[in-house]
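**Q** Just dropping this structure here.
Quick note: the coordinates plus some simple rules give every number you see, no bench work behind them. Since this is a predicted model, take the numbers as computed values, not measurements. Positions of Cβ are generated from backbone atoms using ideal geometry, with glycine treated the same way; all protein chains shown enter the neighbour counts.
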Amino acid sequence: MKKTILSLVIATLSMMSFAQKKTSTSATIAFDASTAIDDLAKAENKTAIAAIDPAKNTVQFEASIKNFAFSNPKIQEHFNQQGWLNSDEFPKASFNGVITNPSAVNFKKDGTYTVNVEGDLTIKGKTQRVTTPATIVVAGKSVKTNAAFNIKLADFGVDGQPITAGKVSGEPKITVSAELN
């Protein structure tokens, strides 16, 4: 009897620990607004916070705007200025979403799964709905995620001469990747 109860407790704890939220403080978000005229409008932020909750099928990311690193410091300075992302007033970008086809992933079984994610992306105080396919790789207790999508900078109140001149894409590609434990 004691062995049966002990076995049930261990099995329950094992299942509960896997169903818990997976997190990372070193997710990567890449921003690519390069064009044929200028390929320097690319940045990476390797300090984003990410979370996925297998029990609720939720996905979340948050990134400090000032942590996006460009190869050209002048572009980074412009990126953070008031006319662009205004990182002093709006220091973070965030995404809160859900996996819309949760039956497409089994968080209890190792494998590579393609899911659809839909949620709210907030940049510069403005929120837009984003829908994108994403890849989830389950390997033991680790979960890796990857998604790529384009946004319209104008939807977030970002426009200006570099966009109209073709130096910066008005629809940059955003790539999000994380290894969550």
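**Q** Which of the following residues is closer than 29 Å to Asp39 by Cα and hydroxyl-bearing (Ser, Thr, Tyr): Ser177, Ser142?
**A** On the way: Ser142 fails: closer than 29 Å to Asp39 by Cα.
The unique qualifying residue is Ser177.
**Q** On to the next question. Out of the range 161-174, which residues are surrounded by 15 or more Cβ atoms within 10 Å (Cβ to Cβ) and either farther than 30 Å from Thr23 by Cα or out of contact with any Asp or Glu (no Cβ under 7 Å at 6 or more places or on another chain) (or both)? Talk me through it step by step, then tell me what you get.
**A** Filtering the range 161-174 down to residues surrounded by 15 or more Cβ atoms within 10 Å (Cβ to Cβ) leaves 162-163, 167-170, 172-174.
Hits for the range 161-174 are Pro162, Ile163, Lys167, Val168, Ser169, Gly170, Ile174.
**Q** Sticking with this one: For the range 42-75, give me the residue count where each residue is in contact with a helix residue (DSSP H, G or I) (Cβ under 9 Å, 6 or more places away or on another chain), more than 26 Å from Thr114 (Cβ to Cβ) and of a type in the set (S, T, N, Q).
**A** 1
**Q** Next question, about the same structure. Go through (1) among the β-branched types (Val, Ile, Thr); (2) more than 22 Å from Asp32 (Cα to Cα); (3) more than 18 Å from the chain's Cα centre (by Cα) and name the single condition Ile75 misses.
**A** (2)
**Q** Let me ask something else about it. Kindly indicate the residue of the range 82-92 that is within 21 Å of Thr175 (Cα to Cα) and in contact (Cβ under 8 Å) with a residue 40 or more places away in the chain and also surrounded by the fewest Cβ atoms within 10 Å (Cβ to Cβ) among those meeting that condition.
**A** Trp84
**Q** Of the conditions (1) more than 21 Å from Leu40 (Cα to Cα); (2) among the hydroxyl-bearing types (Ser, Thr, Tyr); (3) not in a strand (DSSP E or B), Ser169 satisfies every one except a single condition; which number is it?
**A** Checking Ser169 against (1) more than 21 Å from Leu40 (Cα to Cα); (2) among the hydroxyl-bearing types (Ser, Thr, Tyr); (3) not in a strand (DSSP E or B), the one that fails is (1).
**Q** Which members of the range 65-118 meet the condition of being among the hydroxyl-bearing types (Ser, Thr, Tyr) and closer than 19 Å to Lys167 by Cβ? Steps first, please.
**A** Applying the first criterion (among the hydroxyl-bearing types (Ser, Thr, Tyr)) to the range 65-118 yields 71, 87, 94, 100, 103, 112-114.
The answer is Ser71, and nothing else.
**Q** Would you check if Ile99 is of a type in the set (Val, Ile, Thr) and in contact with a Ser or Thr (Cβ under 6 Å, 6 or more places away or on another chain)? Outline the logic, then answer.
**A** Values: of a type in the set (Val, Ile, Thr): yes; in contact with a Ser or Thr (Cβ under 6 Å, 6 or more places away or on another chain): no.
Considered against the rule, which asks whether it is of a type in the set (Val, Ile, Thr) and in contact with a Ser or Thr (Cβ under 6 Å, 6 or more places away or on another chain), Ile99 comes out as no.
**Q** Check the range 53-68 and report whether any residue there is among the small types (Gly, Ala, Ser) and either surrounded by 17 or more Cβ atoms within 10 Å (Cβ to Cβ) or closer than 16 Å to Ala178 by Cβ (or both).
**A** Taking the range 53-68 as the starting set, the residues that turn out to be among the small types (Gly, Ala, Ser) are 55, 63-64.
Restricting the remaining residues to those that are either surrounded by 17 or more Cβ atoms within 10 Å (Cβ to Cβ) or closer than 16 Å to Ala178 by Cβ (or both) gives 63-64.
Yes, because at least one residue in the range 53-68 is among the small types (Gly, Ala, Ser) and either surrounded by 17 or more Cβ atoms within 10 Å (Cβ to Cβ) or closer than 16 Å to Ala178 by Cβ (or both).
**Q** Which members of the range 140-160 meet the condition of being surrounded by fewer than 16 Cβ atoms within 10 Å (Cβ to Cβ) and among the hydroxyl-bearing types (Ser, Thr, Tyr)?
**A** Ser142
**Q** Let me ask another. Any chance you could count how many residues in the range 29-52 are touching a strand residue (DSSP E or B) at 6+ places or on another chain (Cβ under 7 Å), buried (at least 16 other Cβ atoms within 10 Å of the Cβ) and charged (D, E, K, R)?
**A** Residues in the range 29-52 being touching a strand residue (DSSP E or B) at 6+ places or on another chain (Cβ under 7 Å), buried (at least 16 other Cβ atoms within 10 Å of the Cβ) and charged (D, E, K, R): 3 in total.
**Q** Still on this structure, I have one more. Please count how many residues of the range 106-124 are in contact (Cβ under 8 Å) with a residue 40 or more places away in the chain and either acidic (Asp, Glu) or surrounded by 14 or more Cβ atoms within 10 Å (Cβ to Cβ) (or both). First the steps, then the outcome.
**A** To start, the set of residues in the range 106-124 that are in contact (Cβ under 8 Å) with a residue 40 or more places away in the chain comprises 107-108, 117, 119.
Still in the list and also either acidic (Asp, Glu) or surrounded by 14 or more Cβ atoms within 10 Å (Cβ to Cβ) (or both): 107, 117, 119.
Total satisfying the criteria: 3.
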